[in-house]
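Novice: Here it is: the structure, laid out below.
The values are calculated or read from the model by the stated rules, or taken from the named source; none is laboratory data. Just so you know, these numbers come straight off a predicted model, no measurement behind them. When we count neighbours, we look across all protein chains shown, and the Cβ atoms used for this are built from the backbone with ideal geometry, even at glycine. The area values use the complete protein model at the heavy-atom level, side chains included, leaving out ligands, DNA and RNA. Shrake-Rupley method; radii C 1.70, N 1.55, O 1.52, S 1.80 Å.
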Amino acid sequence: QVQLVESGGGLVQAGGSLRIFCAASGRSFSIYAMGWFRQTPGKEREFVAAISWSGGSTVYADSVKGRFNISRDNTKDTVYLQMSVLKPEDTAVYYCAADPILANLVNYEVEYWGKGTRVTVSS
């Protein structure tokens, strides 16, 4: 079992930046590809970004490419999402996800989910 706990969400003005965190525990973190998803009420959960177990490969949704950056620190069992040039459309609950296979995350096949952290972007 892997437990994922997100933090760092909050309120930010459009055009601003925010970094959110996902701390993992319970199993070896470094063997998992990690991802971020987001969801707003009434909508399907949306893939945002993913990173391989080594950090050498990343994938981004078109809607965030160039603005968001996913990274990880395996010595701290933590994955990050640095969000910049934020837009009101980025408002959502952001969920951390883990799976041994990077492609699984891109295809919405996720072994472990966190419970989310809320990000609100005001105009």
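Novice: Give just the number: which of (1) touching a helix residue (DSSP H, G or I) at 6+ places or on another chain (Cβ under 7 Å); (2) more than 24 Å from Gln3 (Cβ to Cβ) does Phe47 not satisfy?
Specialist: It is condition (2) that Phe47 fails.
Novice: If you scan the range 4-27, which residues turn out to be over 15 Å from Lys115 (Cα atoms) and either open to solvent by 60 Å² or more (accessible area, probe 1.4 Å) or touching an Asp or Glu at 6+ places or on another chain (Cβ under 8 Å) (or both)?
Specialist: Leu11, Gln13, Ser17, Arg19, Gly26, Arg27
Novice: Moving to a separate point now. Spot the failing condition for Ser123; the list is (1) open to solvent by 20 Å² or more (accessible area, probe 1.4 Å); (2) of a type in the set (Gly, Ala, Ser); (3) within 15 Å of the chain's Cα centre (by Cα), and only one is missed.
Specialist: Status for Ser123: all satisfied but (3).
Novice: Would you say Thr40 is β-branched (Val, Ile, Thr) and open to solvent by 50 Å² or more (accessible area, probe 1.4 Å)? Spell out the reasoning first.
Specialist: Numbers: β-branched (Val, Ile, Thr): yes; open to solvent by 50 Å² or more (accessible area, probe 1.4 Å): no.
Criteria not met by Thr40.
Novice: Looking only at the range 48-77, which residues are closer than 17 Å to Tyr112 by Cβ and open to solvent by 20 Å² or more (accessible area, probe 1.4 Å)? Walk me through how you get there before you give the answer.
Specialist: Here is the first cut: in the range 48-77, the ones closer than 17 Å to Tyr112 by Cβ are 48-53, 70, 72, 74, 77.
Hits for the range 48-77 are Trp53, Arg72, Asn74, Asp77.
Novice: Another question, then. Please list, ordered by first then second residue, the pairs with beta carbon atoms under 7 Å, 6 or more apart or interchain, first in the range 99-118 and of a type in the set (A, V, I, L, M, F, W, C), second open to solvent by 50 Å² or more (accessible area, probe 1.4 Å).
Specialist: As it stands, the answer is Leu102/Ser57, since those pairs meet every condition given.
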